[in-house]
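Working notes for the structure below.
The values are calculated or read from the model by the stated rules, or taken from the named source; none is laboratory data. A quick note: this is a predicted structure, and the numbers were derived from the prediction, not measured. Every residue, glycine among them, receives a Cβ derived from its backbone with ideal geometry; neighbour counts consider all protein chains shown. Accessible surface is based on the protein model in full, side chains and every heavy atom, while ligands, DNA and RNA are left aside. Shrake-Rupley method; radii C 1.70, N 1.55, O 1.52, S 1.80 Å.
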Amino acid sequence: VVHILSEPGEGWSGETGYMDKDKLSRYIAEGRERRMYYVCGPAPMIKLVMAALGELGVPRDRIEFERFML
């Protein structure tokens with residue numbers, strides 16, 4: 001699990017901002033086109049993550065997603 005905070009508090013030393021291709025490429029192992037990916041979150045986040053996965057060569061049929069709204 002990698003936590004990425006868009007608005008980190010003081011003292012946070014982990015990832016910040018939003019999920020993107022660069023962050024995904026740091027944490028997804030080789031053979032990424034053969035793995036399954038499960039994405040859950042609000043629609044704008046899902047759109048970003050799915051686009052980034054596509055840029056990394058992950059086929060659409062290897063991605064499952066579930067949208068939620070607060």
statement: For Tyr38 and Val1, extending 7 Å from Cα along the Cα-Cβ vector and measuring point to point gives, in nm, a value of 1.3
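Set the Förster distance to 22 Å, then compute FRET efficiency between Arg26 and Glu64 from the Cβ-Cβ distance, nearest 0.05. Show your work: numbers first, answer last.
Working: r = 22 Å, r/R0 = 1.00.
Taking R0 as 22 Å, the efficiency between Arg26 and Glu64 is 0.50.
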field: Ranked packing of 29-36, 40-47, most packed first, by mean Cβ within 10 Å
entry: 40-47, 29-36
- prompt: To the nearest 10 Å², what's Asp61's accessible area with a 1.4 Å probe?
  reply: 120
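Find, to one decimal place in angstroms, the Kirkwood hydrodynamic radius of the chain, where the mean of 1/r is taken over every pair of different Cα atoms and then inverted.
On the way: mean 1/r = 0.0769 Å⁻¹.
Here the Kirkwood hydrodynamic radius works out to 13.0 Å.
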message: Apply the Karplus curve 6.51 cos²θ - 1.76 cosθ + 1.60, θ = phi - 60°, to the phi angles in the stretch 33-39 and return the couplings in whole Hz, x for Gly and Pro.
response: 6, 9, 8, 9, 10, 10, 10
message: Nearest 500 deg cm²/dmol is fine: what mean residue ellipticity at 222 nm does the chain get from its DSSP H runs of n ≥ 4 alone, each adding -39,500 (n - 2.57), divided by its residue count?
response: -8500 deg cm²/dmol
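Going through the stretch 3-70, which chymotrypsin sites (Phe, Trp or Tyr not before Pro) have at most 10 other Cβ atoms within 10 Å and a DSSP loop state? Can you show the working numbers first?
Details: sites: Trp12, Tyr18, Tyr27, Tyr37, Tyr38, Phe65, Phe68; in loops: Trp12, Tyr18, Phe68.
Sites meeting the loop and neighbour criteria: Phe68.
At a 1.4 Å probe radius, which order do Ser13, Ser25 fall into by accessible area, largest first?
Numbers: Ser13 115, Ser25 50 Å².
The ordering from most to least exposed comes out as Ser13, Ser25.
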